[in-house]
Amino acid sequence: MTDKNSAAPAIAVEGLWQVFGEGARNSLQKIGTQDTRDTAAKLQDQGLIPAVRDANFEVQSGELFVIMGLSGSGKSTLIRCISRLVEPTAGAVRIDGEDILQASDKRLIDLRRNKLGMVFQHFGLFPHMSVADNVAFPLKMQGAGRSERRARALEVIKLVGLEGREDAYPRELSGGQRQRVGIARSLAVNPDIWFLDEPFSALDPLIRRQLQDEFLNIQATLKKSIVFITHDIAEALKLADRIAIMRDGEVVQIGTPTQIVLNPIDDYVREFARDVPKGRHMTIGEVMEPVGDGPLAGEWPELRTGMSLEDALTQCAATFEAVPVKDGDGKVVGMVRPDTFVKALGAEAT
Amino acid sequence: MTLTRGTKAALIAVIVGVMCLVLQPYFAWLGKWPAAWTFPVNEWLSSGVGAILDLFKPVARGLSWLLAFPMDGASWVLGNTPWPIVIAATAALGWRLGGWKMALLGLFGLSFVLISGYWAQSMRTLALVFVSVPLALLMGLAIGVLAFEVPRFRGAVNATLDVMQTVPTFAYLTPLLFLFGFGPVVGLIASAIYAAPPMARNVLLGLERVEHDIREAAIMSGGTRRQQLLLVEIPAAGNQIMVGVNQSLMAALSMVIIAAVIGGFDDIGWEVLLTMRKAWFGQAFLAGSVIVVFAIVIDRMSATLATQRQHYDAKIGWIILAIGAILAFVVRIDPAEIALLDGVADVVDTSVGAFTAANGAALDSVKNNAMFYGLLPLRIGLDQAVLPFTWGFQWQPSYSLWFFAAAVALAGLCAARGRMLTGLTILLCAGILETGIADLPWPFVLVGVCAVGWASGGWPLVRLCAILLGLILLSGLWERALLSLYLSGAAVFACAIVGGLLGFWAAVSKTAWVILRPMCDLLQTIPLFVFLIPVLMFFQIGEFSAFLAICLYAIVPMIRYTRHGLTTTPDDLIEAAKSSGANTWQTMREVRAPYAAPSILLGLNQTILYAFAMLVIAALIGTTGLGQSIYLALGQADIGLGLSAGAAMAILALIADRLVQGFAEERRKALGL
């Protein structure tokens, strides 16, 4: 990479199309890509499958970019286009300014050996290799020596919390452990760009949450540029710096988690955002008004712009007195404090 | 009333059959395909292929000369290594592969070979296997990888492998004989060619089944294509490839033994053939047992390769080998002098002799009843099979009329109750039984098969059937093909009924499966050739013996697949049936049996292919038809006849395969599998 490209986004996707079927490239060229919907319809009339339709976005260095969509929305195909596991039909994918769709096979291998790492939904562990050998495999491809490979592998295995299991075989591991190996392997060569294709979808909910947290910890220290695929809106909102929502091969909205929840662009996105506990994903800063002539003096709870609505509400509720609760006949049978009340609601949604 | 495809097909067959029956007296060409309409295909093939083969002859002879070295080498090494070392090495290998169980299998297996007195012959057979298997594995691996890497080849390779699987074993031998000249090298090459397809198939299958994520992980790790293949995909497909190694070994062994008919190598297969010809059944039985033991040892040991293996300490292996070496120094007995089991052979001989003498009448009556009331009518029809000598009276033309009238009445009854297809099937069966398969008019067979093809796989299959059957008609092999069809058809029919019942029994009773399973395992391990020994012992040479040998070999898949189909019904289906109040029998009939149908059809398909494979081997003990032609061609080195008869056999097997596969596929689709 030359220095003049260092200001370029880590990944830039421009006008990317992936059309499956015989003679897709010719058809796409003939039809043209002025109007995405129209082009897709014409392609489908010819029996072709436009799996990714005119995708455009950028991922900044150190950003955690999540692509979310239902199964069949083209998100897995999209990540395979960016990593060039499938050959895109049209468009450009720039990694640090270099269009990798134009890269030679040799250059591509070079990139994969040094710059790219990928985690797969079903782990993709090599069944005939031990954990350490699996993790060290990309290093072996780099041509690293045996002892160097082992040392680095142990380092990454420790990072993902699998110390002591390095000589186990994949079949001896649980699902969560397997994906830890997958993560370790993808990090072995210390890549700049990290692709994760539904890495936690095949895991139990509890393990999933645990791995999500650990993944955030790892990212906090490593600061990779990440493309993360998921079909789970809660996962997307929890992890993402920005989210791209896909439907029928099209990216329909790109935004921060808050933007997605607050301003869904259409019913499809709104439908996703509906079941999301908004209180947890929106901050008080996003709903506050400018300071007018209102009474601001006095004892007020400590609110900060970055606070979630839930936390802010708890703080506010603490300023109220307890409220009596009556039975059917109007007799007071107990009382409730608004803050415990708010906490109980929050606890339920967690 | 709308008719289903099957009903329409049966209706067409019935109409053509009736027309043939009525018009045959007026047009002789309807009955028998006139000789004037055939082409001298045999001569063409003889001269054409002969000329091509002549071109390759120098290369082949060179190859033959070259291969003689490793073969003689292996033969010399095995022949001159002291037997304690060979046995210890086998046991040590067994230990490494599968622990004590396999070590003991190796030890006892080879010890049996030693005391049988066939040590030298066995080592020669083993030498052939040792040289042919690596060749086969290399070829198979190369073909499999090539087919995987170049998708354009995949279809062609698969089709070729399909054809190779259906071409009968003997048919390979004639052109090979021509190319390589007499001698053991032909057996070697034949077995390498015969053993390569299973390897290629499993390599391809294994590579195709490597998980997508594993493949992509290798790419994303930055491996070159070669690194991906060698370091990830082939090892990840390891288990499937080892299944290929196992099948390849068994195929090689089977072929090496069959190739003994060429002679010239004094191996164990030759020994069986020789003793069988001399009717020394005790010795034939002993030599056959040696082959079976070999087959079991090789099969079970190589099967461990395909399972998740434990690690067995190499040291113990070395210790076993060391013990063998020490023994070799201490015990210096020439294996040729060890024939501890000759007594057993004599006992077998005398007791079989005594048994057949004592029960000769019973055995004869079994044989005659089966022939007179089963096989003969099927072959030449009731109109010719019913004689005073067989049934006690003479069939009259008027009986035929009555017979048909009864069939029509029954069919009408079925049709009236809405079972049109059953009725038509009854009519067809009656017609075939009256006429006999060997005497069926060719238009009926042609149209009938095509109609079934239409019901099974639509027009493409009709086209295939018509073209392939047309080829047989034009080649003049039609009558022999019908004879082959009759014998294999009878065997398949018997296997389908008996095997289906046994499979059903095994599915409902655990005890039954405990009894049947080792028998099935054994029958599937035994090389084809050995099946001839027991039937010969009791029923002498003849069609009935051939029929029995075919049934013994071909029944196994029917049992296995029927049981498998019936026992693998998903639990929730059975629970749903039970909670709807179905009893065991109703569950079986309404849920398990329909669910098992595709599996059972596949079993039938395998049974048919097995029957065709055995049919040719059974030619050794007296069958007519294509098998006999192939065997004769081998004896006379007649390439034209060998190839055309082999091709005709392959065509029959191929058509049967496609028809049944078509129905199985339709059932699978209907069940949404």
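Some points to look at:
- Once the GluC sites (Glu not before Pro) in DSSP loops with at most 16 neighbouring Cβ atoms within 10 Å are cut out of chain A, the longest remaining piece is A:23-162.
- Residues whose amide H comes within less than 5 Å of that of A:PHE228, counting only those at least five positions distant or on another chain, are A:PHE65, A:VAL66, A:ILE67, A:LEU196 (H built at 1.01 Å from N in the peptide plane).
- For the pair A and B, the buried accessible area comes to roughly 1800 Å² in total, with a 1.4 Å probe and the value rounded to the nearest 100.
- The range B:87-148-the range B:166-227 distance, computed between alpha-carbon centres (Å): 19 Å
- Protection proxy ranking of B:49-59, B:10-20 - average other beta-carbon atoms within 10 Å, highest first: B:10-20, B:49-59
- Computed in the context of the full set of protein chains, the accessible area of chain B at 1.4 Å probe radius has 70% of its extent on carbon or sulfur.
- Averaged per residue, the range B:75-151 has 41 square angstrom of accessible surface, using a 1.4 angstrom probe with ligands and nucleic acids left out.
- Against chain B, whose longest principal axis comes from its Cα atoms, helix B:342-358 is set at around 20 degrees.
- Note, ³J(HN,Hα) from phi for the range B:6-20, Karplus 6.51, -1.76, 1.60, rounded to Hz, x at Gly and Pro: x, 5, 4, 4, 5, 5, 4, 4, 4, 4, 4, x, 5, 4, 4
- Under-5 Å amide H pairs with A:LEU101, H placed in peptide plane, nonlocal only: A:VAL93
- Three-way shape label, the range B:357-440, alpha-carbon gyration tensor, a/c 1.5: prolate
- Amide hydrogen neighbours beyond the local backbone of A:VAL252, cut-off 5 Å, H modeled: A:ILE245, A:MET246, A:ARG247
- Alpha-carbon centroids, the range B:259-280 and the range B:464-498: separation in whole Å: 30 Å
- Probe 1.4 Å - accessible area at B:HIS212, Å² to nearest ten: 120 Å²
- With Cα atoms, 0 to 90° folded angle of helix A:146-159 axis to chain A main axis: 20 degrees
- Size of charge dipole - the range B:451-673 - debye, nearest 20, with Cβ of Lys, Arg +1 and Asp, Glu -1, no other charges: 320 debye
- Gap separating the Cα centres of the range B:549-563 and the range A:197-213, nearest whole Å: 48 Å
- Sequence-separation-based contact order of the range B:451-673, relative, with Cα cut under 8 Å and 6+ spacing, percent: 29 percent
- DSSP-defined antiparallel bridges as percent of all bridges, the protein assembly as shown, nearest 5: 55 percent
- Chain B: angle of helix B:510-525 to the longest principal axis, Cα-based, in degrees nearest 10: 70 degrees
- The peptide list B:227-235, B:382-390, B:181-189, put in order of mean Cβ contacts within 10 Å with the highest first, becomes B:181-189, B:227-235, B:382-390.
- Sum of -39500 (n - 2.57) over DSSP H runs of 4+, divided by residues of chain A (222 nm, nearest 500): -11500 deg cm²/dmol
- Accessible surface, the range B:543-654, averaged per residue in Å² (probe 1.4 Å): 35 Å²
- Along chain B, longest interval not containing exposed trypsin sites (Lys or Arg not before Pro), exposed being DSSP loop plus at most 16 other Cβ atoms within 10 Å: B:420-673
- Those trypsin sites (Lys or Arg not before Pro) in the range A:250-350 that DSSP places in a loop and that have at most 16 other beta carbons within 10 Å: A:ARG304, A:LYS331
- Distance between the 7 Å Cα→Cβ label points at A:ALA220 and A:ASP167: 3.5 nm.
- Shape category assigned to chain B from the gyration tensor of Cα positions, a/c cut at 1.5: prolate
- Rel. contact order, % - alpha carbon contacts under 8 angstrom, at least six apart, chain B: 20 percent
- Gain upon complete extension [B:ASP346, B:THR307; 0.36 nm per residue less C-alpha separation]: 9.9 nm
- Cross-link table A:LYS278/A:LYS331; A:LYS30/A:LYS115; A:LYS140/A:LYS224; A:LYS140/B:LYS101; A:LYS75/A:LYS223, entries beyond 27 Å C-alpha to C-alpha: A:LYS278/A:LYS331; A:LYS30/A:LYS115; A:LYS140/B:LYS101
- Average Cα contact separation per residue, the range A:1-126, under 8 Å, 6 or more apart, as relative contact order %: 36 percent
The values are calculated or read from the model by the stated rules, or taken from the named source; none is laboratory data. The shown structure was predicted, so the numbers you read here are calculated from the model rather than taken from an experiment. No Cβ is skipped: glycine too gets one built from the backbone with ideal geometry, and neighbour counts run over all protein chains shown. Ligands, DNA and RNA are excluded from the accessible area calculation, which covers all protein heavy atoms including side chains. Shrake-Rupley method; radii C 1.70, N 1.55, O 1.52, S 1.80 Å.
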